[in-house]
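Novice: Take this structure, written in structure tokens, and hold onto it; I'll ask about it next.
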Amino acid sequence: MATITCTRFTDEYQLFEELGKGAFSVVRRCMKVLSGQEYAAKIINTKKLSARDHQKLEREARICRLLKHHNIVRLHDSISEEGHHYLIFDLVTGGELFEDIVAREYYSEADASHCIQQILEAVLHCHQMGVVHRDLKPENLLLASKSKGAAVKLADFGLAIEVEGDQQAWFGFAGTPGYLSPEVLRKDPYGKAVDLWACA
């Protein structure tokens, strides 16, 4: 992936505190200077990426640009600068669904039904756009805010792939143990159905 030297990120956005960290990236709260609107900036250190990692980054950005749904964390901007790539997402402040489940200890049938409905709507949109997430789990489902009944938003498309229709193939071993479908574990061809298995 060609790296474009520019100063658009530093000109347009102001960075604040760290929200999370990965092997090659950090997520920080940021603000668009002109509008005052706050976002989450995923900052990838591209100097540490292999050629394959660069391809995965391009794919993640391409997939996120496709998806526009209120139950999916939306990508608003994608900027390359020397040594870094910035993905500008919705800022969601409610934490992970997993943390909420642990804190509450009990979900009523109504709450659980409302939650799974939103997840399935997000997955349906992905599948309609030819995207398989491949890593559906409570840690990748975020709450829009701390308010009761806050929207659930699907996040982290780092393992997502693009497929045509109901195409099935061996796309590689990907996902989190405990949420993997039988066909992935058997290394059989798979497709969109792996996301539905993870939902269940």
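Novice: With the crude spin-label approximation of a point 7 Å out along Cα→Cβ, what separation in nm comes out for Trp170 versus Thr10?
Specialist: Output for this residue pair reads 4.7 nm.
Novice: Relative contact order (percent) for the chain, with alpha-carbon contacts under 8 angstrom and 6 or more residues of separation?
Specialist: 18 percent
Novice: Would you mind computing, in nm to one decimal, how far apart the modelled labels at Val163 and Leu34 are, each placed 7 Å from Cα along Cα→Cβ?
Specialist: Label at Val163, label at Leu34, 3.9 nm between them.
Novice: Right, here's the next one. With a ≥ b ≥ c the root eigenvalues of the C-alpha gyration tensor of the chain, is it rounded (a/c under 1.5), prolate (a/b larger than b/c) or oblate?
Specialist: Working: a/c = 1.98, a/b = 1.20, b/c = 1.65.
Taking the square roots of the gyration eigenvalues as a ≥ b ≥ c, the chain is oblate.
Novice: Assuming 0.36 nm per residue, please report the length gained on full extension of the stretch Ile101 to His70 beyond their Cα-Cα distance. Don't jump to the answer; show the numbers that get you there.
Specialist: Details: separation 31, 0.36 × 31 = 11.16 nm, distance 2.13 nm.
Separation in residues times 0.36 nm, less the Cα-Cα distance, equals 9.0 nm.
Novice: Given the -39500 (n - 2.57) contribution per DSSP H run of 4+ residues, what per-residue ellipticity at 222 nm results for the chain, rounded to the nearest 500 deg cm²/dmol?
Specialist: Details: 6 runs with 60 residues, N = 200.
Estimated from H runs of four or more residues: -9000 deg cm²/dmol.
Novice: Over the C-alpha atoms of region 97-199, what are the Rg and the largest Cα-to-Cα span, Dmax, in Å?
Specialist: Values for region 97-199 (Cα only, Rg and Dmax): 14.3, 42 Å.
Novice: Using the Kirkwood radius over C-alpha pairs as Rh, can you work out the diffusion coefficient of region 8-90 via Stokes-Einstein at 10 °C, viscosity 1.306 mPa s, in µm² per second?
Specialist: On the way: Rh = 13.2 Å.
Calculated translational D: 121 µm²/s.
Novice: Roughly what would the spin-label model give for Glu82 and Ala200, points 7 Å off Cα along C-beta, in nm?
Specialist: Calculated label separation equals 5.4 nm.
Novice: May I ask you to sort Leu143, Leu124 by Cβ crowding, counting other Cβ atoms within 10 Å and putting the fewest first? Intermediate values should be presented prior to the final figure.
Specialist: Numbers: Leu143 20, Leu124 15.
Listed from fewest to most nearby Cβ atoms, that is Leu124, Leu143.
Novice: Check each of the GluC sites (Glu not before Pro) in region 87-178 and keep only those in coil by DSSP with at most 11 other C-beta atoms within 10 angstrom; list them in order.
Specialist: Values: sites: Glu96, Glu99, Glu105, Glu109, Glu121, Glu139, Glu162, Glu164; in loops: Glu105, Glu164.
When the GluC sites (Glu not before Pro) of region 87-178 are filtered for loop state and at most 11 Cβ neighbours within 10 Å, Glu105, Glu164 remain.
Computed from the coordinates by the stated procedures, all read-outs in this text should not be read as laboratory data. Predicted model only: the values in this text are computed from it and were never measured. Methodologically, a virtual Cβ is constructed for each residue, glycine included, from the backbone with ideal geometry; neighbour enumeration extends over all protein chains shown.
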